[in-house]
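Worksheet: the structure to be examined is printed underneath.
The values are calculated or read from the model by the stated rules, or taken from the named source; none is laboratory data. None of the values given here were measured: they were computed from a predicted structure. Here the Cβ is made from the backbone with ideal geometry for all residues, glycine too, and neighbour counts use every protein chain on show.
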Amino acid sequence: MADSSFDIVSKIDRQEVDNALNQAAKELSQRFDFKNTGASIEWQGELGVELEADTEERVLAALEVFRDKLVKRSISLKALDAGEPRSSGRTYKITCALTAGISQEQAKKLGKIIRDDGPKKVKVAVQGEELRVSSSSRDDLQTVIALVQEANLDFPVQFVNYR
């Protein structure tokens, strides 16, 4: 019998992030506490977001609104890398980056966790920005999924191509 396998990836759904950004922008334009503060949120490139407001407190509050919208859209906050508020003339700005993909360092860390604590028959192979986990036993794969979900990782992971 052929080995069963699945892939561990770190992806974000760009459309869901766009929906969260649009909802946050709408809330910023309608909420009373954001009136006349110049609060705005917009895309900066493919995976960047920039928030802007008149005061540091308002820009931090706008970031909190955006985080709430991401959580409601099932996007892990581990994928959001928000910078510190910085003064830009009369306004304050926060630049956020959305991270996707598993780096080589993260892949090694994940592979080590699986090899050390997982079932012995499981094989792990790094394939670009994802990890392929394979085993002859589907129960072992389920154990690895549970192990990775319990691990305190600093990046979001999803499990795809389970076969």
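Of the residues making up the stretch 8-42, those that are of a type in the set (D, E, K, R), under 24 Å from R73 (Cα atoms) and surrounded by fewer than 17 Cβ atoms within 10 Å (Cβ to Cβ) are K11, D13, R14, E16, D18, K26, R31, D33, E42.
Residues considered: A125, A146. Of these, the only one that is in a helix (DSSP H, G or I) and surrounded by fewer than 16 Cβ atoms within 10 Å (Cβ to Cβ) is A146.
Counting only residues that are outside any helix (DSSP H, G or I) and farther than 30 Å from A107 by Cβ, which one in the stretch 7-35 is modelled with the lowest pLDDT? Looking at the filtered set, the residue picked out is K35.
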